[in-house]
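Only one structure is covered here, and it is reproduced in the block below.
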């Protein structure tokens with residue numbers, strides 16, 4: 001985060017911000033920075049996928065991918081993603097088009113059937129609590145709300161969630177059954193979990209014997225710099241620490257190939273994989289293996305994935321650089337904002353003065369710039385400081401993005417100086 | 001069903017059956033009649049699907065099908081199937097690759113959130129009971145078992161489930177929350193529900209205000225004769241009878257295009273569709289719209305579906321005719337068996353003398369012919385008469401199928417005459 005001291009001459013600054021906002025509102029913009037969607041140019045990178053598998057319809061082992069069956073997904077696709085997701089291919093499951101579905105279904109199955117290590121179905125427990133590092137991903141929080149799972153916010157640090165707090169809460173309350181983690185290029189603040197954080201998550205004592213870490217490795221290969229951050233292997237570390245069933249790993253190709261037509265993955269211990277497969281077997285006769293073969297033919301191998309993600313980076317990096325450049329230009333030195341410079345992922349987190357985020361988002365919307373609702377990064381949609389705004393730079397074209405960030409900066413100045421003047 | 005009088009000269013018949021079985025066992029067969037899977041030749045009918053959508057990636061309304069969103073599915077695909085499934089396109093949902101998933105998820109959402117018309121989540125009810133017309137589909141029954149839903153068997157008649165029994169059970173017990181129906185070319189006995197049955201299902205009083213008919217119209221277009229049976233419109237009839245929310249319609253292209261890579265549909269009242277969409281919105285950012293566009297381009301319109309299903313019929317009809325011919329040839333006049341001659345769907349039901357079905361299946365397996373386990377057509381896998389065997393003729397080649405049915409007939413004679421001689 002870049003921090004700046006508070007500026008003094010508020011009246012003049014406010015007058016200029018008001019003038020700028022009036023100009024902005026008069027431009028009739030219609031821009032959308034709400035969701036982390038790939039841009040059409042990114043989807044074009046996978047154009048070949050749309051004509052595959054062509055004449056072929058057999059998997060490496062001779063399976064006819066067009067027919068029923070193959071509940072765990074194609075082995076050759078699981079091989080490609082095993083290293084990236086840090087899960088042995090035999091413990092990896094290739095499923096449908098959405099990792100969110102897999103997270104949802106893991107919660108459903110935990111609620112309605114007894115998980116390995118559990119004493120009861122979660123539906124029969126009095127309380128279920130999940131720890132929610134904040135800022136975090138609104139769809140994780142929405143799943144908890146939908147199933148009546150209580151959420152307890154845990155602050156993020158530069159190394160991941162504040163582990164003193166996580167360890168204390170997990171150790172003292174058997175109702176604490178899980179934690180949401182986006183361990184690499186976290187949504188929305190871009191944090192990468194340190195090795196120490198991973199080691200502590202793997203080894204910490206938990207009061208609940210069926211505690212689960214929902215390890216949403218959504219941005220495992222989604223680098224924005226040369227650095228290609230690596231995180232430690234939580235699944236392996238948990239097994240070594242004597243907690244083999246603690247970790248559910250999720251991932252997908254949604255932001256690699258087609259956002260709506262990719263393949264999602266689940267990885268865990270043999271016992272958990274067996275549990276999920278047994279539950280899935282009641283639900284489905286198998287995933288879309290044609291789409292899985294399509295992905296095998298298109299991506300080829302782990303190196304193919306890396307090369308493909310470099311092409312995404314070439315499209316995304318200029319957008320993130322534009323965001324940083326404009327925020328610095330328009331808000332640097334104002335003392336009104338801090339923002340992240342992520343090394344990967346899909347988001348920039350903008351922090352405005354306490355009590356200002358909702359108002360900034362409201363003013364931006366009135367000027368035709370739609371942002372993710374303020375508060376969405378927190379459980380129950382409530383950011384206690386009302387300070388965090390999530391920016392999703394991926395979808396708009398570069399020119400539109402620049403307009404939107406310039407406009408957003410105007411709104412931050414307007415609201416920020418109004419508060420200072422009040 | 002074809003019935004035959006009991007034959008007298010058992011000793012000689014048994015001796016010949018034993019000899020035939022010995023010959024059969026010596027042939028080292030390895031044949032599988034277990035599941036209703038399309039044959040490779042049927043899947044080849046949709047070969048073009050594997051290169052689609054090719055260069056195109058926009059839906060009729062301009063939506064980029066590659067990206068997130070579009071939770072209800074492509075309108076143009078829903079238009080194609082609206083007539084066939086007897087659901088207005090606006091009340092139809094096009095989803096993933098499996099209608100079984102949709103049935104599973106409807107149960108999950110009913111258990112974990114309050115349905116339209118319900119007073120409580122089903123998970124909070126003391127007992128949930130489903131009526132199960134028998135013989136029926138084992139995967140329906142497996143869903144009930146998985147969720148602890150009690151099953152009560154209701155006998156099938158030539159017009160569908162015995163409606164006197166259905167009406168009585170539904171009217172007297174508020175725990176009775178649903179019924180499984182495969183209304184056209186029923187799995188496994190090929191029954192088509194009469195207009196009177198549909199009218200009674202639509203209008204009957206139910207003690208549960210949240211009673212649901214799970215209307216699994218899996219074989220809506222799967223004709224095996226010129227007759228193309230039509231069934232009455234249950235969803236419309238229920239709405240007219242003042243029970244608009246009573247009906248969940250399911251269907252899919254699994255046995256039209258690719259069994260593992262088709263599109264599944266859900267249709268219901270506006271209130272139920274809204275309820276399911278709201279729950280699905282927490283689970284997914286949208287279905288695989290690329291696969292939906294692929295299906296639109298391949299099937300084109302309702303007439304395209306009909307023409308495509310004629311091509312399936314051309315492959316399937318000879319197999320069903322072979323089953324009927326061989327059963328008549330080998331078992332006609334023996335008094336040992338009755339069998340169905342379905343006008344559509346995927347199965348033939350073979351009825352053997354009481355107490356013989358398990359033994360026939362066991363003997364067949366020993367001779368290398370694998371059948372669906374006896375009892376699978378009944379709740380909890382228990383056919384009280386132990387008389388029903390489901391035959392799935394679709395997958396094997398014609399020659400293999402003939403061998404399998406000939407072998408099965410030998411097993412029926414062996415077991416049947418052994419019982420008579422005992």
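The values are calculated or read from the model by the stated rules, or taken from the named source; none is laboratory data. All of these numbers come straight from a predicted model, not from anything done at the bench. Positions of Cβ are backbone-derived with ideal geometry, glycine not excepted, and every protein chain shown enters the neighbour counts.
For segment B:338-350, the tally of residues that are assigned to a loop (DSSP other than H, G, I, E, B), more than 8 Å from residue B:190 (Cβ to Cβ) and touching a strand residue (DSSP E or B) at 6+ places or on another chain (Cβ under 6 Å) stands at 0. The set of residues from segment A:105-145 being surrounded by fewer than 23 Cβ atoms within 10 Å (Cβ to Cβ) and part of a loop (DSSP other than H, G, I, E, B) comprises A:113, A:114, A:116, A:117, A:118, A:119, A:120, A:121, A:125, A:126, A:127, A:128.
Restricting attention to segment B:3-26 and to residues that are modelled with pLDDT under 85 and loosely packed, with under 14 Cβ neighbours inside 10 Å, the residue that is nearest to the chain's Cα centre (by Cα) turns out to be B:3. Only one of the numbered conditions (1) at negative phi; (2) at the interface with chain B (Cβ under 8 Å from one of its Cβ atoms) is violated by residue A:69, and that is (1). Exactly one residue out of B:55, B:73 is more than 25 Å from the chain's Cα centre (by Cα), assigned to a loop (DSSP other than H, G, I, E, B) and either at pLDDT below 95 or closer than 30 Å to residue A:139 by Cα (or both), and it is B:55.
Of the candidates A:314, A:364, A:324, the single residue that is in contact (Cβ under 8 Å) with a residue 40 or more places away in the chain and assigned to a helix (DSSP H, G or I) is A:364. Of all the criteria given as (1) surrounded by fewer than 18 Cβ atoms within 10 Å (Cβ to Cβ); (2) within 14 Å of chain A (Cβ to nearest Cβ); (3) in contact with a strand residue (DSSP E or B) (Cβ under 8 Å, 6 or more places away or on another chain), the one not satisfied by residue B:84 is (2). Across segment A:284-298, the number of residues qualifying as at the interface with another protein chain (Cβ under 7 Å from one of its Cβ atoms), part of a helix (DSSP H, G or I) and over 25 Å from the mean Cα position of the chain (by Cα) comes to 2. Taking residue A:280 as the residue in question, decide whether it is touching a helix residue (DSSP H, G or I) at 6+ places or on another chain (Cβ under 8 Å), farther than 30 Å from residue A:409 by Cβ and surrounded by fewer than 24 Cβ atoms within 10 Å (Cβ to Cβ). For residue A:280, the condition - touching a helix residue (DSSP H, G or I) at 6+ places or on another chain (Cβ under 8 Å), farther than 30 Å from residue A:409 by Cβ and surrounded by fewer than 24 Cβ atoms within 10 Å (Cβ to Cβ) - is met.
Condition check ((1) under 23 Å from residue A:244 (Cβ atoms); (2) in contact (Cβ under 8 Å) with a residue 24 or more places away in the chain; (3) within 14 Å of the chain's Cα centre (by Cα)) across all residues:
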position: A:103; (1), (2), (3): yes, yes, yes
position: A:106; (1), (2), (3): yes, yes, no
position: A:110; (1), (2), (3): yes, yes, no
position: A:119; (1), (2), (3): yes, yes, no
position: A:122; (1), (2), (3): yes, yes, no
position: A:131; (1), (2), (3): yes, yes, no
position: A:136; (1), (2), (3): no, yes, yes
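Exactly one residue among B:36, B:96 is within 7 Å of another protein chain (Cβ to nearest Cβ) and touching a residue at least 24 places away in the same chain (Cβ under 8 Å), and that residue is B:96.
Screening residue A:113 against (1) modelled with pLDDT of 95 or more; (2) within 13 Å of chain B (Cβ to nearest Cβ); (3) in contact with a helix residue (DSSP H, G or I) (Cβ under 8 Å, 6 or more places away or on another chain); (4) under 28 Å from residue A:210 (Cβ atoms) leaves a single unmet condition, (1).
Restricting A:20, A:61, A:48 to those that are touching a residue at least 12 places away in the same chain (Cβ under 8 Å), outside any helix (DSSP H, G or I) and more than 8 Å from chain B (Cβ to nearest Cβ) reduces the list to A:61.
Residues being over 22 Å from the mean Cα position of the chain (by Cα), under 26 Å from residue A:192 (Cβ atoms) and not assigned by TED's automatic domain parsing to the domain that holds residue A:136 are entirely absent from segment A:350-363. Residue count for segment B:123-132 satisfying the condition of being within 11 Å of another protein chain (Cβ to nearest Cβ) and in contact with a helix residue (DSSP H, G or I) (Cβ under 8 Å, 6 or more places away or on another chain): 1. Selection of segment B:146-157 for residues being assigned to a strand (DSSP E or B) and touching a residue at least 40 places away in the same chain (Cβ under 8 Å) yields B:151, B:152, B:153.
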